[in-house]
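Below is one structure, written out as structure tokens, with a few remarks after it.
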Amino acid sequence: MKRISALLLFSFLLTLQAFSAHAQTKPMSERMAATVMDIWSDSLWVGRPFKWTYDQGVLLEGISGIWQKTADKKYFEYIKKSMDFFVQDDGTIRTYEHKSYNIDNVKNGRALLLLYKVTGQEKYLKAAKTLRDQLSTHPRTSEGGFWHKKIYPNQMWLDGLYMGQPFYAEYSSLMNDTTAFNDITNQFVFMERHSRDAATGLMYHGWDESKQEKWANKTTGLSAHVWGRAMGWYGMALVDALPYFPAGHAGRKQLLDILARYAEAVKKVQDAKTGVWYDILDAPLRKGNYFEASGSCMFVYTLAKAVRLGYLPESYLKVAQKGYEGTKKQFVETVSPEKVNLKGTVSVSGLGGKPYRDGSFEYYMSEKVITNDPKGVGAFMLAANELELSALPKTGKGKTVTLDYFFNNEWKKGPAGDLVRYHYTWDDQANSGFWFWGNIFNYAGAKINSLTVAPTAGNLKNSDVFIIVDPDTEKETAKPNFMSPQNAEVLYNWVKNGGVLALLTNDAANCELKNFNVLAERFGIHFNEDLRNAVKGNAYETGAFKIPSGNPIFKTSKKVYIKEISTIKLSSPAKAVFTDGNDVIMAVAKVGKGTVYAVGDPWFYNEYVDGRKIPAEYENFKAATDLANWLLLQSPKK
């Protein structure tokens, strides 16, 4: 009997150990996403009135970030399914009301833009245009600030900046509407000007221009308190809108200055012991006040993303890390090795309305605090994802990866009717783009940019890695820029001085190789005008390669998919880095202080990296990460 009991105990301990190990290895963002996709497997609105509202948009922001980090198609499919409940084939949005002029209704537009950019389906663009049209006629304050809602006249709330401005910025960028960024800048400026307390830097929840509301101070028009989640919304709006600002736009600096002031204020009111933030930030020690999850997650996300994108000094990452660790301790509850719950989110807090919300401390304390509120869960996924990204190896820290747009120079008609660059570009989120690969470089700490003119010693001076993909033929570009001996000489000398050059061509029918080999042959590499791995339909195994263990580049990927490639012929100093049978598939050359990598296919464009098309057994996303890290490591340390 004792032996049986001992065996049972041993078995239990092993099970417990396995449970604990699995829970520790599965990223927290994905465990929260699993809870989301379980609770709201078909729709956010199971058991609730079916309604177009911002809660779902916050959830989908979190899911989108995890998809970009993992390339797991289930996340993208969840976003699409969630929006397809509302968006009809003609682009109309079920339950959406334009005439209500509710800025909250604009939030989900970012999910629509993602779906349009990735799939190209016009219904999503039409739906997004509907939301943009609302902004064109949305009621405003006398100086031009968007009212929060038609039923709340003359009022701007911090919440509204998140609901409207990131979408407004992304849509304007897509449509090349640069003048709109003046308006977007003003929304942030107006809100800070009216709501910021000069002494603390904190921002009050709402501002009533008319000063007629019962909750409004009769002198300033401000609400009585600083609500944590409201400031969280504003911070997330800043870091989500800024990436779309044109580089030279004056508003970009204005927003960065606002962000710096905001971050300093948020840092000062972080609880020193727990690392999280109170619900009411200007009364931390008042009886009844409590630590609140959603605002804490939003501050973590804002600060961590701002550091990753170079908007704030790296010192703020420590603030975010402390907040994240505190959030996990205070609010996260383990359900299973696969799932967690988020406790401690206040369900709602507002101003005015029916019944009337007077903005008093007592009012804020009266609202319910619940578990797995969509707003808190969405913010937690965003925060967890950012902290997981920050923990990835930073092989590219201080380095710049430049993508050629000169030898590959293709254009098409864009959604606004003008010509836009596409095909193997960083910004192209469709199958044809390098959006995912660009993100991978960014996650490794590198900056990415592009070169639209012929390479010179001067314009490559600050580039550590230079990538040339699929040089144009006449059928792709009316006047292609062929590789010349002069171009080849520039690039040869750049590599010799320490540059890292990646050459990703294509099969001969889809790529100009004759002139391009003028460059490649300087490094002992010749792209053959042949066709290997011609895949028909979904016969993916025809394009499969197994990577042997010990490969110096592909250390985590074991099986990859590459279709319709040109093989390589080698001479000194090039060496094969991957072969299949008698064919050289990839090669590397060391010249002077620099390195060249070559493969006869564009390979890492979204179609074969983002997880939506090819089966998961083909580890192209891992391979793209492996190659990115290897290229960055070849660059001499600065």
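The values are calculated or read from the model by the stated rules, or taken from the named source; none is laboratory data. Bear in mind the structure is a predicted one, so any value in this text is a computation, not a measurement. Because the Cβ atoms are built from the backbone with ideal geometry, glycine has one as well, and the counts that use them run over all protein chains shown. What goes into the accessible areas is simple: the full protein's heavy atoms, side chains included, and nothing from ligands, DNA or RNA. Shrake-Rupley method; radii C 1.70, N 1.55, O 1.52, S 1.80 Å.
Just to be sure before I move on: is D610 modelled with pLDDT of 95 or more, in contact with a strand residue (DSSP E or B) (Cβ under 9 Å, 6 or more places away or on another chain) and among the acidic types (D, E) in the structure I sent?
no
Is it the case that some residue within the stretch 153-163 is open to solvent by 20 Å² or more (accessible area, probe 1.4 Å), out of contact with any His (no Cβ under 7 Å at 6 or more places or on another chain) and over 22 Å from G251 (Cβ atoms)?
Yes; the residues of the stretch 153-163 include at least one that is open to solvent by 20 Å² or more (accessible area, probe 1.4 Å), out of contact with any His (no Cβ under 7 Å at 6 or more places or on another chain) and over 22 Å from G251 (Cβ atoms).
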request  = Go through the stretch 195-211 and give me each residue that's outside any strand (DSSP E or B) and either touching a residue at least 12 places away in the same chain (Cβ under 8 Å) or closer than 19 Å to E264 by Cβ (or both).
outcome  = S195, D197, A198, A199, T200, G201, L202, Y204, H205, E209, S210
task = Give the residue, chosen from L285, L309, L255, that is over 23 Å from A391 (Cα atoms) and touching a residue at least 60 places away in the same chain (Cβ under 8 Å).
result = L255
message = From the list K536, K496, K558, K569, exactly one residue is within 27 Å of T402 (Cβ to Cβ) and not acidic (D, E). Which is it?
response = K496
request  = Tell me which of these E362 doesn't satisfy, since it passes every other one: (1) assigned to a loop (DSSP other than H, G, I, E, B); (2) open to solvent by 30 Å² or more (accessible area, probe 1.4 Å); (3) out of contact with any Lys or Arg (no Cβ under 9 Å at 6 or more places or on another chain); (4) not hydrophobic (A, V, I, L, M, F, W, C).
outcome  = (1)
remark   = By my count, strands (runs of 3 or more DSSP E) wholly in the stretch 375-426 with at least 2 residues that are in contact with a strand residue (DSSP E or B) (Cβ under 7 Å, 6 or more places away or on another chain) and surrounded by 21 or more Cβ atoms within 10 Å (Cβ to Cβ) are 400-404
ask   = K328 versus (1) in a helix (DSSP H, G or I); (2) open to solvent by less than 10 Å² (accessible area, probe 1.4 Å); (3) in contact (Cβ under 8 Å) with a residue 60 or more places away in the chain: which is the lone unmet condition?
value = (2)
query = Which residue, of D133, D177, is more than 25 Å from G248 (Cβ to Cβ), in contact (Cβ under 8 Å) with a residue 24 or more places away in the chain, open to solvent by 30 Å² or more (accessible area, probe 1.4 Å) and not small (G, A, S)?
reply = D133
request  = Enumerate the pairs (first residue in the stretch 75-87 and farther than 13 Å from A127 by Cβ and in contact (Cβ under 8 Å) with a residue 60 or more places away in the chain; second residue anywhere and open to solvent by 10 Å² or more (accessible area, probe 1.4 Å) and among the basic types (K, R)) with beta-carbon separation below 6 Å, excluding pairs fewer than 6 apart on the same chain, so at least 6 apart or on different chains.
outcome  = F76/R612
ask   = Taking the stretch 90-109, which residues are in a helix (DSSP H, G or I) and surrounded by fewer than 22 Cβ atoms within 10 Å (Cβ to Cβ)?
value = H98, K99, S100, D104
One residue from S142, S172 being modelled with pLDDT of 95 or more, surrounded by fewer than 17 Cβ atoms within 10 Å (Cβ to Cβ) and not acidic (D, E) = S142
Failed item in (1) in contact (Cβ under 8 Å) with a residue 40 or more places away in the chain; (2) touching a strand residue (DSSP E or B) at 6+ places or on another chain (Cβ under 9 Å), with V535 passing the rest = (1)
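It is to be established whether one or more residues within the stretch 221-242 are of a type outside the set (G, A, S) and open to solvent by 60 Å² or more (accessible area, probe 1.4 Å). Steps first, please.
Step one: list which residues in the stretch 221-242 are of a type outside the set (G, A, S), which gives 222, 225-227, 229, 231, 233-234, 236, 238-240, 242.
Now drop any that are not open to solvent by 60 Å² or more (accessible area, probe 1.4 Å), which leaves none.
No, the stretch 221-242 contains no residue that is of a type outside the set (G, A, S) and open to solvent by 60 Å² or more (accessible area, probe 1.4 Å).
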Selection status of S463, touching a Leu at 6+ places or on another chain (Cβ under 8 Å), open to solvent by less than 50 Å² (accessible area, probe 1.4 Å) and assigned to a loop (DSSP other than H, G, I, E, B) = yes
ask   = Within the stretch 472-494, restricting attention to residues that are of a type in the set (D, E, K, R) and either part of a loop (DSSP other than H, G, I, E, B) or under 35 Å from the mean Cα position of the chain (by Cα) (or both), which residue is surrounded by the fewest Cβ atoms within 10 Å (Cβ to Cβ)?
value = K479
inquiry  = If the requirement is being out of contact with any helix residue (DSSP H, G or I) (no Cβ under 7 Å at 6 or more places or on another chain) and at pLDDT 95 or above, which of these qualifies: G352, G344, G295, G378?
reply    = G352
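Go through the stretch 529-549 and report how many residues are outside any strand (DSSP E or B) and open to solvent by 40 Å² or more (accessible area, probe 1.4 Å).
12
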query = Regarding A520, is this residue more than 30 Å from the chain's Cα centre (by Cα), assigned to a helix (DSSP H, G or I), under 25 Å from N620 (Cβ atoms) and modelled with pLDDT of 95 or more?
reply = yes
Verdict on Y561 being over 20 Å from Y597 (Cβ atoms) and of a type in the set (F, W, Y) = no
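Do the conditions hold for E512, that is, is it at pLDDT 95 or above, surrounded by 14 or more Cβ atoms within 10 Å (Cβ to Cβ), closer than 13 Å to D601 by Cα and out of contact with any strand residue (DSSP E or B) (no Cβ under 9 Å at 6 or more places or on another chain)?
So E512 fits the description; yes.
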